[in-house]
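Have a look at the structure below before the remarks.
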Amino acid sequence: MGRSRVLDHSKIRAILPHGHPMVLVDQVISLKLGASIIGIKAITGSEPCYHSLPQGLGPERYAYPISLLVESFGQTAAILWLESIKSFNQDLDRVLMFTSVRNLRIEGQAFPGNILRHVVRLDNIVGDNVFVEGETWVEDRQIAIIESMIAAVRPRSVVIEYATPSGAGMPRDLDDTATDMRFLSSRQWLARSENSPSPRASRKEEKSSST
Amino acid sequence: MIASVGREDMEDIIVNDSLRFAAPFRCVEHIRIVNCEDGLTLHATKVIDPTDPYLSGHFPDLTIFPGVFIIESLCQTVTLALGELEGLLPQIATLRSVRFLAPLFPGNRMTMRATIGPLSVKKTFEVDAQCQRNDGVMVARLKVKFRYGEIARA
Amino acid sequence: MSQGLEELRKIVAEVLELEPEEIADTGDFVEEYGADSMRAIEILSRIEKKYRVEIPQKELPQMQTLLSVYNVMTRYAGWQE
């Protein structure tokens, strides 16, 4: 099994391309490269999403916005991905774009004082697309269940090219976003995380095997 | 708080900044509610403003409107248009399918068209939404189940 | 052939959010069912996981109809033609 790792907030800020106040993971309490991650985020009444609330509202109005919960989960997944590929790819000038969610069920809510605990598992990799699944907990309550979330890894230059007012949108063909990342095939990736060979060993493996 | 101009089958809502529920920021500026034989449709717009909270961090050197805030936009639109049922606000129950197809950048105008399904006996309803950019590119498609329900507390 | 094809039809239908009956054997996912490129990737991923096969991303352009997806399975998963 891969070894467990813990990441403090300063490491998280270094890993994620996001900046304050959009860094929605406080700590990583478990990390198995290529396999799974547990990230936590404390919810406090002093965050931006509670800024404009007028006085006198009932407690139910303080439920943590689902959009931010989903983003927090997605960022936890992004950390798993970014840390996992670090060992065999130097060029990290990538933007991780959240492309789809399927069947994300909300079972409960979170409030100021709660700590979100996102348990994320890597489900599959298809080219530059990362599939994850998992759950979000508050203590012993499962408040969200995520059947599938997909993120695409895109080179930053490609994204900037489309950043014009009349931008044509993201390329639809995968060829347009061809990257120089050398990914292990998904099978090899998942197998690797179970056996946990050293990065050097897996580079040799990659070169000698055909996709 | 909300300016409302009513007509028999159409109502316009101009949303100002003081939302009465926790939200990253105002993710919808104008809502048109159209009620006709086929059902209820909401048309919502928002111009992406890079000075909105959170955006300075997404990302520090390139501002892209986070996809999750499109979900937020739908949630606010539904909440502001439909309002309370027995004192409870509508909540997202399930994001059945959410697909982000193209990015939104500062200055883009996002237009969302959401079809609201009938209220079930369990006080849930389905929403089918499409989100377009001002140049006509489809930015997102969302299928969301909402519910009016008791809050499950931690 | 038919059982595998029907299983694939169910997977495709789930991803495209349609009923299996609506997926014709030669219906083009993009042209007829309005699928975007992400859908093909999802279909590929589900097939990989369900049948424990590995299908290279380069096959995606060849996976635009149900029959062509079946064809990919004959090449990578040893399914009968």
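The values are calculated or read from the model by the stated rules, or taken from the named source; none is laboratory data. Only a predicted model underlies this, so the values are computations on that prediction, with no experimental measurement involved. Cβ: placed from backbone, ideal geometry, glycine included. Neighbour counts: every protein chain shown.
Test of understanding: among B:ARG96, B:ARG113, which residue is at pLDDT 95 or above, assigned to a strand (DSSP E or B) and within 12 Å of B:VAL139 (Cβ to Cβ)? Selected residue: B:ARG113, the only one of B:ARG96, B:ARG113 that is at pLDDT 95 or above, assigned to a strand (DSSP E or B) and within 12 Å of B:VAL139 (Cβ to Cβ).
Does the stretch C:44-60 contain any residue that is over 22 Å from A:SER100 (Cβ atoms) and among the aliphatic types (A, V, I, L, M)? Checked against the condition, which is being over 22 Å from A:SER100 (Cβ atoms) and among the aliphatic types (A, V, I, L, M), the stretch C:44-60 yields at least one hit. Restricting attention to the stretch B:62-86 and to residues that are facing chain A (nearest Cβ under 9 Å) and in a loop (DSSP other than H, G, I, E, B), the residue that is nearest to B:MET10 (Cα to Cα) turns out to be B:GLY67. Of the residues making up the stretch B:116-141, those that are hydrophobic (A, V, I, L, M, F, W, C), over 30 Å from B:PRO60 (Cβ atoms) and not in a strand (DSSP E or B) are B:LEU119, B:VAL121. Pull up the stretch A:95-133, narrow it to residues that are of a type in the set (A, V, I, L, M, F, W, C) and assigned to a loop (DSSP other than H, G, I, E, B), then point me to the one that is farthest from C:LEU44 (Cα to Cα). Checking each candidate, the answer is A:PHE111. The number of residues in the stretch C:18-35 that are buried (at least 17 other Cβ atoms within 10 Å of the Cβ) and not hydroxyl-bearing (Ser, Thr, Tyr) comes to 4. Restricting the stretch B:21-39 to residues that are more than 14 Å from chain A (Cβ to nearest Cβ) and under 14 Å from the mean Cα position of the chain (by Cα) leaves a set whose member that is nearest to A:GLU71 (Cα to Cα) is B:GLU29. It is to be established whether one or more residues within the stretch B:8-15 are within 29 Å of A:GLN55 (Cβ to Cβ), buried (at least 16 other Cβ atoms within 10 Å of the Cβ), out of contact with any Ser or Thr (no Cβ under 7 Å at 6 or more places or on another chain) and modelled with pLDDT under 90. Within the stretch B:8-15, one or more residues are within 29 Å of A:GLN55 (Cβ to Cβ), buried (at least 16 other Cβ atoms within 10 Å of the Cβ), out of contact with any Ser or Thr (no Cβ under 7 Å at 6 or more places or on another chain) and modelled with pLDDT under 90. Here B:SER56 passes the criteria (1) touching a residue at least 24 places away in the same chain (Cβ under 8 Å); (2) in a helix (DSSP H, G or I); (3) farther than 15 Å from B:GLU29 by Cα except the one numbered (1). Against the test of being surrounded by fewer than 21 Cβ atoms within 10 Å (Cβ to Cβ), small (Gly, Ala, Ser) and more than 24 Å from A:ASN114 (Cα to Cα), the options B:GLY57, B:GLY83 yield a single qualifying residue, B:GLY83. Would you say A:ALA63 is touching a residue at least 40 places away in the same chain (Cβ under 8 Å) and within 15 Å of B:GLU72 (Cβ to Cβ)? Spelling it out, A:ALA63 is indeed touching a residue at least 40 places away in the same chain (Cβ under 8 Å) and within 15 Å of B:GLU72 (Cβ to Cβ).
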